Amino acid sequence: MKGNEIRKRFLEFFKDRGHTIQPSRSLIPEDPTVLLTIAGMIPFKPIFTGEIKSDLKRVVTSQRCLRTNDIENVGKTARHHTFFEMLGNFSFGDYGKKETIRWAWEFLIKELKIPKERLWVSVYEEDEEAFDIWHKEEKVRRDRIVRLGSEHNFWAIGPTGPCGSCSEVIYDRGKKYSCGRPTCGVGCDCDRFLEVWNLVFMEYNRDQEGRLRPLPRKNIDTGMGLERLAMILQEKENTFDTDFLKPIIDYTASLSGVGYGPDRIKDLALRIIADHMRAIVFLIYDGVLPSNVGRGYVLRRIIRRALSQGRNLGLAKPYLHKLVSIVIDIMKEPYPELSKDKEHMERIVLGEEKRFLETLEQGMKVFDDLLIHLLREKRKEISGEKAFELYDTYGIPIDLTQEVAAEHNLTLDKRGFDMAMEEQKKRGRMAWQEIGQSRVKTIYNRLAKELKATRFKGYDRTTLKAEILAIIKTDKRVKKAKAKDEIDIILDITPFYPEAGGQTGDSGTITKRGTRIEVLDTQRPLPEIIVHRAKIIKGSIRKGDKVEAGINIGKRLATTRNHTATHLLQGALKRVLGRHVRQTGSFVSSDRLRFDLTHFAPLTDEQLSRVEEMVNEKIRKNVKVEVSMMDLKEAKKRGAIFLVGEKYGKRVRTVKIGDFSLELCGGTQVEATGEIGLFKLVSESGIAAGVRRIEALTGKGACRFMKEI
Ligand code: GLY
């Protein structure tokens, strides 16, 4: 049975049992607290925890997943992967253990006709109910049901979050595959007893203190590795020989001129490359680019691991990018969109290959010198510090250092390396704290608790009557202030937009009879309070004073024009460059706009001119800009663009410009695009690997620029 057929059979089976088939979601979870989609249940986490109310009761998916915790095992065992697909059926407070177990058994035995004799079952040692269902209802022999402790049969998403006891179906591949240890049995980590399907009875949420709290409803979350199932049904020795991975191995083998089978080291390399290649393709497909942080680092590490394996196959030149199309061929049936991104993916991979090979070459020279030195001195170990330097400066992965060390009979101080790594992370954290946020925060934390939240009315008002609730001078609360004082003012209500979402804060004036205060900037140190950074020009103020707050309208309008223009710019970039384009940052002030985006190469003159023309065309059409509040879920359903990693509330503000752009955004917007007047790109540059920066002008600024050139 072809792999694609197995996926289809699974989805249909559960569809027939009242489940809605949902498409796989991205490897980048919507939940910003989770780095990667590591299981089929990740997209449903907020439904399990009760954070989101949903009408869904039964869902079935084949979810693309990525795990790095097993990366060292990939290729060595018959079954471990970084990228894989997880087949799963889910119940949100609907059916329970009985149906879950019955359907799992029915699917494996009746639908797929896997011989019963091959299967074992494990249950959580305290779960009598599950034991009874397997034994009494499904007639599984007692001696085929194994009770295991929480290390095996209690599944959790992570240290905190939804979790519950579980029951697993295990496929016995026969004695031949056993590790031979006397303890080898169900639960052994060797290649004999293959965990096929994990049925999780999701009933708890683990809180920060480690306590288990019952979830509002009892749920079901199951997960079955599609590649493992294919291995059983296609009667293969391992997952790498299934039609999901074998074509990648064959192609790489043909590229390098080596065969698959005779040589342990070469076979391992071929398997690692095949596994990693799928991860690479899907990470890039989901918008990740190689970098030194977060998901970008996961991708970089996987590309580099795969690439260094090429050495074992005699592949010295970039070759990984040639495998992109092989992966697409295998996966295009469930993912028809993959083909559209082929060139983009090939470019990213090739770019990273070249970059890595260059640095590696330099690094290897340094490494060689180090080895000569160590061997001459008859030393036995590479220090953690040196290994870290090789990694940090030259990108030599620790696995590679370890391998080369072993080739020369040297050991590696891995602990020292880990410590150096931790040190570096700590330095990073400190650098952030040094900006003095904590001290300022204390006073605002206190004020936020004490005062009512500032009401922001600046979307439709430019002046307002307000009351002074607090005055802060050099981080201390004061009752009054006089001319020349530089102070922070908190009002009960304000038209001043506080800096957020890349848009700079408003400036303007706060006045009362005989007093004039200039507001230089507006900030929102905490969600509840808006702070006006101000200087008293004339007169004095006291807490409780009634004042008139008015923004600098000209400046606000110019900023607003630039803001709406960034939405148009993003829409145009996606159309001209492709759907991989993502905003990584933006800065919108009254005199210019800056937009950072993910893209692998400098934009050509032709692309830039098409982008500029497209934006100006939308301006000439004077498209209405519609701002509305809606549920986050609804916004996502409509395909709104949101920032990866940003935390959004349940209700979100969306900005829609015809059918050209839909974004979640809290900034100020023009009423119709014609107000922008003119859009002029002024610069394009690279600011990091795979990140480009565009600067542009609108309105008066753009006109002035045109006159000057
Ligand atoms: N969520 C179940 C599993 O990952 O095994």
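The values are calculated or read from the model by the stated rules, or taken from the named source; none is laboratory data. As the structure is a computational prediction, the values presented were derived from the model and not from experiment. Cβ sites come from the backbone with ideal geometry, for glycine too, and all protein chains shown count toward neighbours. These area figures cover heavy atoms from the full protein model, side chains too; ligands, DNA and RNA do not enter into them. Shrake-Rupley method; radii C 1.70, N 1.55, O 1.52, S 1.80 Å.
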Search segment 48-71 for residues being β-branched (Val, Ile, Thr) and within 16 Å of the ligand (Cβ to nearest atom), and hand back the single one that is most open to solvent (accessible area, probe 1.4 Å). Thr68
Can you say whether Ile372 is of a type outside the set (Ser, Thr, Tyr), at pLDDT 90 or above, open to solvent by 80 Å² or more (accessible area, probe 1.4 Å) and within 13 Å of Leu410 (Cα to Cα), as far as the supplied structure shows? yes
Which one is most open to solvent (accessible area, probe 1.4 Å) among residues in segment 448-488 that are on the phi > 0 side of the Ramachandran plot and at pLDDT below 90? Thr474
Any idea which of (1) open to solvent by less than 50 Å² (accessible area, probe 1.4 Å); (2) at pLDDT 90 or above is the one Glu671 doesn't satisfy? (1)
Test Gly225 against the criterion of being under 21 Å from Gly75 (Cα atoms), open to solvent by less than 40 Å² (accessible area, probe 1.4 Å) and within 12 Å of the ligand (Cβ to nearest atom), and give yes or no. yes
Can you work out which of the residues in segment 605-643 that are assigned to a loop (DSSP other than H, G, I, E, B) and open to solvent by 70 Å² or more (accessible area, probe 1.4 Å) is farthest from Ala565 (Cα to Cα)? Arg638
When the residues of segment 1-47 are narrowed to those that are over 22 Å from Met231 (Cβ atoms) and charged (D, E, K, R), which ends up surrounded by the fewest Cβ atoms within 10 Å (Cβ to Cβ)? Asp16
Suppose we filter segment 74-102 for residues that are within 16 Å of the ligand (Cβ to nearest atom) and not aliphatic (A, V, I, L, M); how many remain? 14
For segment 327-348, which positions are in a helix (DSSP H, G or I), of a type outside the set (Asp, Glu) and either closer than 20 Å to His580 by Cα or without any contact (Cβ under 8 Å) to a residue 40 or more places away in the chain (or both)? Val327, Ile328, Met331, Pro336, Leu338, Ser339, Lys340, Lys342, His344, Met345, Arg347, Ile348
Extreme residue, nearest to the ligand (Cβ to nearest atom), among residues of segment 228-251 that are part of a loop (DSSP other than H, G, I, E, B) and open to solvent by 40 Å² or more (accessible area, probe 1.4 Å): Lys236
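Which residue out of Met1, Met41 is more than 15 Å from the ligand (Cβ to nearest atom) and not acidic (Asp, Glu)?
On inspection, the qualifying residue turns out to be Met1.
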Filtering segment 189-217 down to residues that are within 16 Å of the ligand (Cβ to nearest atom) and open to solvent by 40 Å² or more (accessible area, probe 1.4 Å) yields Asp189, Glu195, Glu203, Tyr204, Asn205, Arg206
Is it the case that segment 461-480 has a residue that's of a type in the set (Ser, Thr, Tyr), out of contact with any Gly (no Cβ under 8 Å at 6 or more places or on another chain) and more than 20 Å from Phe587 (Cα to Cα)? yes
Is there a residue in segment 72-82 that is open to solvent by 10 Å² or more (accessible area, probe 1.4 Å), farther than 30 Å from Asp399 by Cα and in a helix (DSSP H, G or I)? no
Return the residue satisfying two criteria in turn: it lies in segment 131-175 and is aromatic (Phe, Trp, Tyr) and under 17 Å from Gly96 (Cβ atoms), and of such residues it is modelled with the lowest pLDDT. Trp155
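So which of Leu323, Leu289, Leu270, Leu283 ends up being out of contact with any Ser or Thr (no Cβ under 9 Å at 6 or more places or on another chain), surrounded by 23 or more Cβ atoms within 10 Å (Cβ to Cβ) and not β-branched (Val, Ile, Thr)?
Leu283
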